[in-house]
């Protein structure tokens, strides 16, 4: 079995930028399950991937960073904003895209969905809708403005969710399995959309090709960081571990 890649040490508190995500000795308990216990992380790189089995803690980490869950112990600080004390300000700093776009989309048309990200921050409805149309036009998507969400494919709805996050310009985008239900063409379109953004991206996925070239990938296992390092190295180690476990299971089944 391959040896785990050593976890990168966390930077001393004095050297951490205010423009980073920090988890400080975080414990999260859900029911009788300890999801995280004393987890400390600093996430400063512009492209960070999360890999690991289902139930490893990837979505829970996103919920902590976005303020949807609060730790029982420790604290989470997002670009200088405490997720508990400064929760109302969090949407200015971080946006979360759920795995299923239908869990996120509220409005019947594309322009209205994008405009909501702006009216939620105080813009007038008229100004927000005009800005949404301009935002789409700048990306060659003028024709999408009045389209009904129900007419869009799964991949297109994922694009709308991402656009709705991008127009609000939070510093960080948290993307939970964005490629999971997309065909290859839709994956390529979404990957190009992500590559073009200058926002920090933290992306969880089981499709390792999408984070192979990321500067940093974390392999989570039962709420702990099993490995932390360059994308290709961590992805190869995780994939090798999965193959080894699959062989062991096959061997046990035939024993």
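The values are calculated or read from the model by the stated rules, or taken from the named source; none is laboratory data. The shown structure was predicted, so the numbers you read here are calculated from the model rather than taken from an experiment. Cβ coordinates were reconstructed from backbone atoms using ideal geometry, including for glycine residues, and neighbour counts include every protein chain displayed.
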Q) In segment 126-138, is there at least one residue being in a loop (DSSP other than H, G, I, E, B), more than 21 Å from the chain's Cα centre (by Cα), surrounded by fewer than 16 Cβ atoms within 10 Å (Cβ to Cβ) and on the phi < 0 side of the Ramachandran plot? A) no
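Here is a yes/no grid of residues against (1) surrounded by 14 or more Cβ atoms within 10 Å (Cβ to Cβ); (2) modelled with pLDDT under 95; (3) within 30 Å of residue 145 (Cβ to Cβ):
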position: 25; (1), (2), (3): no, no, no
position: 30; (1), (2), (3): no, yes, no
position: 36; (1), (2), (3): yes, no, no
position: 51; (1), (2), (3): yes, no, no
position: 80; (1), (2), (3): no, yes, no
position: 85; (1), (2), (3): no, yes, no
Q. If you take the residues of segment 76-125 that are without any contact (Cβ under 8 Å) to a residue 12 or more places away in the chain and touching a strand residue (DSSP E or B) at 6+ places or on another chain (Cβ under 8 Å), which of them is nearest to residue 161 (Cα to Cα)?
A. 89
Q: With the checklist (1) under 23 Å from the mean Cα position of the chain (by Cα); (2) in contact (Cβ under 8 Å) with a residue 12 or more places away in the chain; (3) not in a helix (DSSP H, G or I) in hand, flag the one item residue 146 doesn't pass.
A: (1)
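Residues are listed down the side, and each one gets a yes or a no for (1) surrounded by fewer than 21 Cβ atoms within 10 Å (Cβ to Cβ); (2) without any contact (Cβ under 8 Å) to a residue 60 or more places away in the chain; (3) over 26 Å from residue 83 (Cβ atoms):
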{"residue": "169", "(1), (2), (3)": "yes, yes, no"}
{"residue": "172", "(1), (2), (3)": "no, no, no"}
{"residue": "175", "(1), (2), (3)": "no, no, no"}
{"residue": "212", "(1), (2), (3)": "yes, yes, yes"}
{"residue": "222", "(1), (2), (3)": "yes, no, no"}
Q) Here is a list of conditions, (1) more than 29 Å from residue 147 (Cα to Cα); (2) exposed (fewer than 15 other Cβ atoms within 10 Å of the Cβ), and residue 106 meets all of them except one; can you say which number that is? A) (1)
Q: Could you please find all residues in segment 141-155 being at pLDDT below 90 and crowded, with 16+ Cβ neighbours inside 10 Å?
A: 155
